[in-house]
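*Asks:* One structure is given below, represented as structure tokens, and several questions about it will come after.
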Amino acid sequence: MTCPLNGKPCVKYKCFHITEKHGENVETYMVCEDCLYISATSKIKMSDEEVSCDSCGTKLEDVLKGSRMGCARCYACFQGTIEHVIKAVQDADRHVGRIPTTWKMEQAEKTDPLKFLTELKQKYRIAVKSERYERASALNSDIIRFEELLERHEKEGRSPPVQKEIATMIYEMRESESAQGLE
């Protein structure tokens, strides 16, 4: 049987299911681990040095061979290469699958609460201007809750539990927007 990726004969076990969309046409086929690795590495430019995650030690080569990411930080460490793989495999400019919750929470913890509040208020103004009153009402409620939490944070001297609560609220609001397709 010939490999659909490289056209060469391959008798290995096909364990990877590939789906490609070309406009309205959808092609699906199975490939083995070696053919997938060869195809992925031929589409991206690999450096001679060994790249690994500074947090968990997962090697880029292992990820490209079909292993999963070792931790949430792998996405940041391998970002340049992953962007090329995503473009080659998913024909998209960004990852369209699931992103680890730990990474999303880490991003929420890094978010400046005041900037986030400003973004919420901007989204509120846009919703009112575009006459999406249900969305505006939900955003207004979020703004009030978030301002109350920030006020409590200031009163308690920027305590870590409240900082965690702020990050959790940011994470939940982003998840809610993502689920509703309002990013």
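The values are calculated or read from the model by the stated rules, or taken from the named source; none is laboratory data. Just so it is clear, the model here is predicted, and its values are computed rather than measured. Please note: Cβ atoms are built from the backbone with ideal geometry, for glycine as well, and neighbour counts cover all protein chains shown.
*Asks:* Can you pull out the residues in segment 153-173 that are in a helix (DSSP H, G or I) and more than 16 Å from F116 (Cβ to Cβ)?
*Replies:* Residues satisfying the conditions are K155, P160, P161.
*Asks:* Something else: Please go through segment 47-64 and pick out each residue that is out of contact with any Leu (no Cβ under 8 Å at 6 or more places or on another chain), at pLDDT below 75 and of a type outside the set (S, T, Y).
*Replies:* Scanning segment 47-64 gives D48, E49, L64.
*Asks:* Exactly one condition in (1) surrounded by 11 or more Cβ atoms within 10 Å (Cβ to Cβ); (2) among the aliphatic types (A, V, I, L, M); (3) modelled with pLDDT under 70 is not met by V96; state its number.
*Replies:* Of the numbered conditions (1) surrounded by 11 or more Cβ atoms within 10 Å (Cβ to Cβ); (2) among the aliphatic types (A, V, I, L, M); (3) modelled with pLDDT under 70, the odd one out for V96 is (1).
*Asks:* Still on this structure: Restricted to segment 1-15, and to residues that are of a type in the set (A, V, I, L, M, F, W, C) and at pLDDT 75 or above, which residue is surrounded by the most Cβ atoms within 10 Å (Cβ to Cβ)?
*Replies:* Per the criteria, the residue is C3.
*Asks:* Kindly provide the set of residues from segment 139-155 that are more than 16 Å from Y171 (Cα to Cα) and surrounded by 12 or more Cβ atoms within 10 Å (Cβ to Cβ), ordered by number.
*Replies:* Within segment 139-155, N140, R152, H153 qualify.
Rundown of residues vs (1) more than 26 Å from the chain's Cα centre (by Cα); (2) at pLDDT 90 or above, yes/no style:
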site	(1), (2)
Q122	no, yes
Y133	yes, yes
A136	yes, yes
S141	yes, yes
R152	yes, no
R158	yes, no
K164	no, no
M173	no, no
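*Asks:* Is it true that E33 is at pLDDT below 80, of a type outside the set (S, T, N, Q) and loosely packed, with under 14 Cβ neighbours inside 10 Å?
*Replies:* Judged against the criteria, E33 is not a match.
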